[in-house]
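> Handing you this structure, nothing more for now.
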Amino acid sequence: MHDTLFQPLKLGAIEAKNRILMAPLTRGRSTQPGSIPNEMMATYYRQRAGAGLIISEATGISVEGLGWPAAPGIWSDEQVEGWKQVTKAVHEEGGLIVLQMWHMGRIVHPDFLGGKPPVSASATTAPGHAHTFEGRKDHQQARAATKEDIARIVEDYRKAAENAKRAGFDGVQLHAANGYLIDQFLRDSTNLRDDEYGGSAENRTRFLREVLTAIIDVWGKDRVGVRLSPNGETQGCDDSDPATTFGAAARVVEELGAAFLELREPGPEGTFGSTDVPKQSPLIRQIYTGPLVLNSDYTADEAVADIEAGRADAVSWGRDFISNPDLPTRLRTGAPIAPNVNVPHSWYGKGPAGYIDYPTLTEQEHIAAG
């Protein structure tokens, strides 16, 4: 069934065996202190190596950029060694994995920064609460990045890209979505600057361009992807003219020749965030000529329809991959897709429960057989 999903796809130099990508999923299982990937994480990713490409969970490029309890990092030698066991596990199963590079910007609570304020495009405050090791706390006002901050953060991305290569990844994806630092520079509700990084849409894409250039310098353009979330508010980050803003962002990705572009596009009835703002993928499809990956609440039939119609080249699945480690097998055979209920305590828990204990079809058959 769904043969279209099982056609190979070249994402630059990355040769995906199918068009079922695993979307980035924050799970909070790294070893603390140190935000170090571990054996349990290697098992989790090994189980899901049937994806055409795994996009790793969002991974902090620096201490400053990581504000999620037990999320992994990629700035230290210990983290690199931890990730090596993950990439080795995926490769042993015939899979491919890229590292998603993350700086959370104003979403980082001062508790992670020794009491100092987080950095963002401008001095703004995210709505709602931050997740900390001591529970949920109100977000605090960020400070506006100086030119020196921007240059330093670009170098943090470069170093993280180098570390990802050392760790054995097949490439990297730049997280420029979901209200985090690069998105905070892109959108006019959070970028209030009056210098060359603010004002026009082209100026607001300057930071994206500089970071993407630095990463491509390390990896080459054919192993670097980008993720954007071009329609609707996310974590208080919004834009008054998404077509202009994200058209400009797509032109940056096109001009620099990134290997693939993933778009998270919720609809009005999204199960994890919803919006009435129109999807921008039709516009972006006209600007970015490389492989386009779409994400958010897809069924297999919907994915096939969008790929066959040329609206997308692949689809990434998130929560379905949590509860179905063998999701591609289920899609191929028409087997039931186990639902992933809205239980954040298992999404972000500390142990194996709700993480590596979901059965595959084969394991279910063995259980049924007694």
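> Give the residue, chosen from LEU256, LEU261, LEU294, that is touching a Pro at 6+ places or on another chain (Cβ under 9 Å) and either on the phi > 0 side of the Ramachandran plot or at pLDDT 95 or above (or both).
LEU261
Quick grid of which residues meet (1) in contact (Cβ under 8 Å) with a residue 40 or more places away in the chain; (2) within 30 Å of PRO328 (Cα to Cα); (3) among the basic types (Lys, Arg):
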| site | (1), (2), (3) |
| --- | --- |
| LYS88 | yes, yes, yes |
| LEU99 | yes, yes, no |
| ALA121 | yes, no, no |
| GLY128 | yes, no, no |
| GLY135 | no, no, no |
| ASP138 | no, no, no |
| ILE150 | yes, no, no |
| ILE153 | yes, no, no |
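> Let me ask you something else. Determine whether GLY168 is more than 16 Å from the chain's Cα centre (by Cα), surrounded by fewer than 23 Cβ atoms within 10 Å (Cβ to Cβ) and not in a helix (DSSP H, G or I).
Yes: the conditions hold for GLY168.
> Let me ask you something else. From the set of residues in the stretch 120-138 that are under 17 Å from ASN191 (Cβ atoms) and touching a strand residue (DSSP E or B) at 6+ places or on another chain (Cβ under 6 Å), which is surrounded by the most Cβ atoms within 10 Å (Cβ to Cβ)?
Within the stretch 120-138, the match that is surrounded by the most Cβ atoms within 10 Å (Cβ to Cβ) is SER122.
> Also, I was wondering about something else. All but one of (1) at pLDDT 95 or above; (2) under 20 Å from the mean Cα position of the chain (by Cα) hold for LYS116, so report the exception by its number.
(2)
> Helices (runs of 4 or more DSSP H) wholly in the stretch 194-263 with at least 3 residues that are among the charged types (D, E, K, R) - which ones?
Qualifying helices (runs of 4 or more DSSP H): 206-219, 242-256.
> For the stretch 30-43, enumerate the residues that are outside any loop (DSSP other than H, G, I, E, B) and crowded, with 23+ Cβ neighbours inside 10 Å.
MET41
> Okay, moving on. Exactly one of (1) at negative phi; (2) part of a loop (DSSP other than H, G, I, E, B) is unmet by GLY310. Its number?
(1)
> In the stretch 2-20, is there at least one residue being part of a strand (DSSP E or B), among the basic types (Lys, Arg) and surrounded by fewer than 24 Cβ atoms within 10 Å (Cβ to Cβ)?
Yes.
> Looking at the stretch 302-341, which of its residues are more than 20 Å from LEU11 (Cβ to Cβ) and either touching a residue at least 60 places away in the same chain (Cβ under 8 Å) or crowded, with 18+ Cβ neighbours inside 10 Å (or both)?
Hits for the stretch 302-341 are ARG319, ASP320, ILE322, ASN324, PRO325, ASP326, THR329, ARG330, ARG332, THR333, GLY334, ASN340.
> Identify, from the list VAL252, VAL224, VAL218, the residue that is closer than 21 Å to ASP156 by Cα, β-branched (Val, Ile, Thr) and surrounded by fewer than 19 Cβ atoms within 10 Å (Cβ to Cβ).
Being closer than 21 Å to ASP156 by Cα, β-branched (Val, Ile, Thr) and surrounded by fewer than 19 Cβ atoms within 10 Å (Cβ to Cβ) holds for just one of VAL252, VAL224, VAL218, which is VAL218.
The values are calculated or read from the model by the stated rules, or taken from the named source; none is laboratory data. As the structure is a prediction and not an experimental result, all values here were calculated from the model. Methodologically, a virtual Cβ is constructed for each residue, glycine included, from the backbone with ideal geometry; neighbour enumeration extends over all protein chains shown.
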